[in-house]
Structure formats: C-alpha cells, structure tokens
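Colleague: This is the structure, below, for whatever I ask next.
The values are calculated or read from the model by the stated rules, or taken from the named source; none is laboratory data. Small disclaimer: the values here were computed from a predicted structure and weren't measured. Backbone-built Cβ (ideal geometry, glycine too); neighbour counts: all protein chains shown.
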Amino acid sequence: MAPHHLIDAYLAELRRALPADVADELADGLTETYDHFRDHGLDPDTAARTALADFGAAPDILNAFAQIAPGRRTARALLATGPLAGGCWALALLTGHAWQGPIPTAARLAFAALLLSVVALLVIAVRIDHPYQRRTPAIAGAGGVLLLDCAAVCTAALLISVPTWPLLLAVTASLTRICGTAPALQRLLRKP
Amino acid sequence: MKAETLKGHLDALLLAALEVAPQHGYAVKEALREGSGGRIDLPTGTIYPALRRLEQAGLIRGAWDTTASRPRRTYRLTAAGRRALSGEREGWREFAATVTGLLEGPPWPRTT
C-alpha cells in the first residue's frame, strides 16, 4: 500500500505496463523518496508531489524500460537478419529449381503461412505500446523462427544429395540464426 | 547536471557507486548526488532502468532483500562489472587528459 493516494495512482500506471517485480522495485524507490521529503519536514501532499516530480514522469520511465524490455531486442535482431537468411534461401531455391522438387503444395503453403505469422509476431513485439507485453509475441516469433530454420535445414538435408554453394550458404545462415535464437528464446522464457 | 550531459558516463558512475558495497536504487541515486556535491541529481526513476540494463549485461547482479522493512532489491558488482569499471576508469583518464591538454595546453599548431 502506497503512503499517499497520488503515489498510489502513479504506481498503478506503472504496474499496468511493467512486470510485478519491476513495479515493486519502483514502488520501494518512490516510497523511499517520499519518506525522504517527509523527513525534511514537508507535509504529506507536498512530499508526495515533490517525490513524484523528483522520480520522473511515468511515460519517461516506461520508455526507458521499453528500451531494455525483454523481447524487443530479440525481435528487432530477428527482423533485421530475416531478409539476409531469406535472401540466401531464395537464392538456393532459385538456383536449385526447387519448384520442381517433391515437396507437397500443402507443406509449401504451411511454410509460407508460418513465415508470414512469424514476421507479424515480431513486428508486433517491436511496435506494441506496453513494453513488457512484447514478451509473448517475441517468444512466439522467436519460436517460429527456430521452427522455420530447422524445417528448412532438415528439408534440405533430406532431399538434396549434392549441395550447391548457395544451399550451403543458406544452411549456414539458418544454423547461425538457430545458434543465436535458441539462447535468446531461453532467456525470454526465464524472465518473469 | 542533466541526465543528457551524463550520457555515455552513467554506466561507469553506477558501477562505481556499487563498487564498495551492494546498494538499492535509491541509495545509488543518493550516493551519486552526495558524491558529486549535489551536481549530479538524477530523477530517481531513471536509475532503475539503468540498473536493470547493467544487470542484463551481466555487470551487476540484483537480489531481493527481505530483511528490510519492505522488500528491497539490492545490486552488487559482478566480476565482469569490476573489469568493466576498471576499463571505464582507464578510458576516462585518457579522455580527460587528452581534452584537458587540448583545452588548457599550449596554443594549437597552425595547419595548412
């Protein structure tokens, strides 16, 4: 329970956007700030207003947390590397005449649908208003990227007996992305 | 001194504030204010995201202290944090010596 209703309202705004442990830490800091001004002889209302002014505007604090929010950096990195990996695979598929391969149309469509969903989830994770709500789409997006890369590498390994250099390049790009995405996903899942 | 002025140096100052003993966010802010004679008085709320960022980078480690009157998150330097602080100090000395030399040294050479 906050020591003053103004502080209570301020903290409620932060709690709507931040995870509980972050909000608890901010509540402790703000209460400490309020106590500091009370100890210096300010009445409760003035101490609360001064503490809030000293603490900083809620949007500024939320924005600062947004910059470091789990999920945002992962989503941005995956969006940034996506065209590179996609370009490698496009080159490999075009030079290997992949459209003549035995992969069923349903599987191709499912892959395309998953790819579009992953891009949408990652864009949402970057653009969503509340910074810490980015975590869920970021987890789903990163999981989707892992699935896509694994599917692409496994399909290539199963169907292609003589690899070409564009294919080796694409497989390397996917394996590199898998190595980067898996630990990032693990970190995202570990965070509260 | 405004937060923007400290941009690029805040991390080193936070690490230095935690060098001697573990502290919570408000105590770090007060240490910076008192240590600078009141010239560095950051909005308290800006300290917390900066501490979380340093924690994500593995330079400090936070833990909840439940022995205080209310639960409180305190931070301590990690070994990587000590190394980073040492590097920041070295970089700062070099930077300060260079800029001081240019600003207060002999007249600048003429160039063509």
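Colleague: Scan segment A:53-80 for residues that are hydrophobic (A, V, I, L, M, F, W, C), outside any helix (DSSP H, G or I) and within 20 Å of the chain's Cα centre (by Cα) and jot them down.
Modeller: A:69
Colleague: Look through segment B:73-93, keep the residues that are touching a residue at least 60 places away in the same chain (Cβ under 8 Å) and not hydrophobic (A, V, I, L, M, F, W, C), and return whichever of them is surrounded by the most Cβ atoms within 10 Å (Cβ to Cβ).
Modeller: Ranking the qualifying residues of segment B:73-93, first place goes to B:81.
Colleague: Can you name every residue in segment A:51-85 that is surrounded by fewer than 16 Cβ atoms within 10 Å (Cβ to Cβ) and farther than 27 Å from residue A:142 by Cα?
Modeller: Correct list: A:53, A:57, A:59, A:60.
Colleague: Hey, can you tell me all the residues within segment A:30-43 that are surrounded by 18 or more Cβ atoms within 10 Å (Cβ to Cβ) and within 37 Å of the chain's Cα centre (by Cα)?
Modeller: A:30, A:31, A:32, A:33, A:34
Colleague: When you go through B:61, B:52 one by one, which is the residue that is at pLDDT 95 or above, surrounded by 14 or more Cβ atoms within 10 Å (Cβ to Cβ) and not aliphatic (A, V, I, L, M)?
Modeller: One residue alone meets the criteria, B:61.
Colleague: Restricting attention to segment B:51-75, which residues are at the interface with another protein chain (Cβ under 9 Å from one of its Cβ atoms), in contact with a Phe, Trp or Tyr (Cβ under 6 Å, 6 or more places away or on another chain) and not in a helix (DSSP H, G or I)?
Modeller: B:62, B:71, B:73
Colleague: Here is a follow-up. Kindly indicate whether residue A:27 is buried (at least 16 other Cβ atoms within 10 Å of the Cβ), over 17 Å from residue B:28 (Cβ atoms) and within 14 Å of chain B (Cβ to nearest Cβ).
Modeller: no
Colleague: Go through segment A:4-20 and give me each residue that's under 20 Å from the mean Cα position of the chain (by Cα) and either at pLDDT 95 or above or under 16 Å from residue A:64 (Cα atoms) (or both).
Modeller: A:14, A:15, A:16, A:17, A:18, A:19
One line per residue, one yes/no per condition, for (1) part of a helix (DSSP H, G or I); (2) among the charged types (D, E, K, R); (3) away from chain B (no Cβ under 12 Å):
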| site | (1), (2), (3) |
| --- | --- |
| A:2 | no, no, no |
| A:6 | yes, no, yes |
| A:22 | yes, no, no |
| A:48 | yes, no, yes |
| A:83 | yes, no, yes |
| A:94 | yes, no, yes |
| A:99 | yes, no, yes |
| A:102 | no, no, yes |
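Colleague: Quick one: count up the residues across segment A:155-184 that are hydrophobic (A, V, I, L, M, F, W, C) and under 26 Å from the mean Cα position of the chain (by Cα).
Modeller: Summing the residues that are hydrophobic (A, V, I, L, M, F, W, C) and under 26 Å from the mean Cα position of the chain (by Cα) in segment A:155-184 gives 8.
Colleague: State yes or no: is residue A:109 buried (at least 16 other Cβ atoms within 10 Å of the Cβ) and farther than 15 Å from residue A:80 by Cα?
Modeller: Criteria not met by residue A:109.
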